[in-house]
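Notes for the one structure printed next.
Read the figures in this text as sums done on the coordinates, not as results from a lab. From a predicted model like this one, the values you see are computed outputs, not experimental measurements. Every residue, glycine among them, receives a Cβ derived from its backbone with ideal geometry; neighbour counts consider all protein chains shown.
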Amino acid sequence: MSRLAILLGAILALCAPVGLAHAQDATIQQPSTNRQILVMLRLPAPHFRPNTSYSGAYGDKASASARRRIAAAIARRNGLTIEDSWPMPLIGVDCFVMRVPEDNTVDDMVTRLNGDRQVLWAQPMQLYHAQGSMQSEGDPLYAVQPAASAWRLADLHRVATGRGITVAVIDSKVEASHPDLIGQFAASRDFVVGHPSGAEQHGTGIAGVIGAKSGNALGIAGVAPGARMLALRACWQVRPTVAVPTVCDTLSLAKALHFAIDSDAKVINLSLSGPFDPLLARLVSIALSRHVSVVAAYDPSLPKGGFPASEAGVVAVTDQVLPSRPAGVYGALGRDVPTTQAGGKWYFVNGSSYAAAHVSGLLALTREERRTASPRIVTAPGARGNIDACATLLPISTNCDCSCSLQIAVAKRR
C-alpha cells in the first residue's frame with residue numbers, strides 16, 4: 001500500500017463524518033444584540049495615591065463605583081437598562097453595555113448620548129462573522145496539508161518554529177486539551193457573556209493551523225508549532241453543530257483585544273469580518289502602534305473587505321483561490337486545509353479564516369528568525385498577491401534562491 005493511501009486512511013479514521021445542513025436549518029437565528037449600545041465613560045488619568053492603587057486601574061473600587069453611579073444616572077435619564085460593564089485602561093474608558101427600550105431606535109439613542117457631556121462616546125453593538133466553513137460530506141480530501149508542499153513547511157521549521165513569540169487567537173472557544181494542541185497555550189480566557197459553551201469548531205481549527213504540535217505522530221503540524229498561543233474566546237457558534245455561523249460582538253472582541261495587547265502578544269489573529277467599529281478601531285490602532293502584527297480575514301462581500309481588514313496597517317488575507325482582490329490584500333492557503341476540531345478530531349476546512357491563520361503562523365516564524373518588530377510579507381512574482389512563505393522568512397535573491405537561503409540559515413543554527 002502506498003504512503004499516500006496509508007496517510008489518507010489515517011486521516012479518514014480521525015475525521016468524524018460531517019453531514020450537510022438540512023434545508024429547514026438554513027435560517028440561523030442571530031444573537032440578540034440589535035438593541036444593545038456601548039456607552040463609554042472616561043477613566044481618570046492614572047495617578048498614585050499613598051496606601052492605594054493607581055486611579056482608574058481595575059482594582060480602584062472608589063473610582064469604579066463613581067463611574068457606575070454616573071452610568072446608572074445616564075441610564076435612568078434615558079430609559080436604558082445596564083447589562084454589563086468592562087474597564088479598558090489601554091484606551092482610558094469604562095465601557096457600559098446598555099439596552100435600548102423598544103420605543104426608541106438605537107441610532108436616535110446613540111445620537112442623544114453622544115450629546116451628553118458625561119459620555120465620552122456611545123455606539124451600537126456590532127456583530128462580526130468568522131470567514132470559514134467545514135468541509136462538506138462528499139468534497140474531495142487531500143492527504144497532506146497544503147502548506148507542507150506549497151510553503152515547504154518542514155524546511156521552514158528547520159529555521160524557525162515561532163519560539164518565543166506569543167500569538168493571540170481571538171475566536172470561538174478553543175479545545176486547549178485537544179491532543180494536537182495540549183500544552184501550546186500560555187492562557188485561555190472566555191470573554192463571551194450569555195453564550196456558555198464547551199469547545200467550538202472555528203476557534204479550535206484556527207488554533208490548529210497556527211500552532212498545532214509537530215513531530216508528535218498525531219494529526220497535523222501548525223505553521224508555528226513553537227509559538228505560545230493565547231486562546232481568547234470572543235466569538236460563539238450560533239448552534240452547537242458543524243457548518244454553522246460563528247459570530248462575535250463589539251464588547252467581547254474589545255475585551256479580548258485589550259487582554260491580548262496587555263499580555264504583550266506579538267501577533268493577533270482575527271479570522272472574522274464585519275462593520276467598522278470605533279471602539280475596536282482604537283484598540284487595533286494601539287496594537288499597531290506597539291508593532292503588533294494584526295491579521296484579519298478579508299470578506300469580498302463587504303465594503304473594503306470589511307473591518308478590521310480594511311484598517312491601514314492590518315494584514316488583510318483571503319483564500320488565494322479568490323479570482324480577484326484589490327492590491328494590498330494577500331492570498332494564502334485556505335482550501336482543503338486539515339486542522340484540529342473539537343472532540344479531539346481533525347476535519348478539512350475552507351475559507352479566508354484559515355488563510356489568515358496561515359499568515360499569523362508565518363509572521364510568528366518571521367518574528368523569531370528576523371527579530372524585527374515589523375516583518376515584511378513578500379509575494380510571489382506574478383501570483384496576484386499570493387504569499388511567498390520562503391521569501392517572507394528568509395532573504396531571497398537572484399544569486400541565492402529559497403533552497404540556498406534555507407541551507408545558509410540552517411547552517412547558522414548549528
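First check a/c for the range 184-295, with a ≥ b ≥ c the square roots of the eigenvalues of its C-alpha gyration tensor; if it is under 1.5, answer rounded, and if not, answer prolate when a/b is larger than b/c or oblate otherwise.
oblate
Assign one of three labels to the range 320-414, namely rounded, prolate or oblate, based on the Cα gyration tensor with a ≥ b ≥ c the square roots of its eigenvalues; rounded applies when a/c is under 1.5, prolate when it is not and a/b is larger than b/c, and oblate otherwise.
On the way: a/c = 2.12, a/b = 1.36, b/c = 1.56.
Note, shape of the range 320-414 comes out oblate.
Can you spot the lysines whose alpha carbon is less than 30 Å from LYS213's alpha carbon? Ignore those fewer than 8 places along the same chain.
Straight-distance partners of LYS213: LYS173, LYS255, LYS266, LYS345, LYS412.
Take the Cα of LEU302, step 7 Å along the line toward its Cβ, and report every residue of the range 346-386 whose backbone nitrogen sits under 17 Å from that point.
351-357
Count neighbours as other Cβ atoms within 10 Å of each site's Cβ, and list the trypsin sites (Lys or Arg not before Pro) in the range 74-119 that are DSSP loop with at most 11 such neighbours.
Loop-located and lightly packed - ARG117.
So, in nm, how far is label SER403 from label ASP116 when the simple model puts each one 7 Å beyond its Cα toward the Cβ?
6.8 nm
Can you list the trypsin sites (Lys or Arg not before Pro) in the range 332-388 that are in a DSSP coil and have 11 or fewer other beta carbons within 10 angstrom? Don't skip to the answer; put the middle values down first.
Values: sites: ARG335, LYS345, ARG367, ARG370, ARG371, ARG376, ARG384; in loops: ARG335, ARG371, ARG376, ARG384.
Counting only loop positions with at most 11 other Cβ atoms within 10 Å, the trypsin sites (Lys or Arg not before Pro) in the range 332-388 are ARG371, ARG376.
Extension gain HIS291-ARG384, at 0.36 nm per residue separation less the Cα-Cα distance, in nm?
30.8 nm
Starting from the Cα gyration tensor of the range 240-390, take the square roots of the eigenvalues, sort them a ≥ b ≥ c, and report rounded, prolate or oblate (rounded when a/c is under 1.5, otherwise prolate if a/b is larger than b/c, else oblate).
rounded
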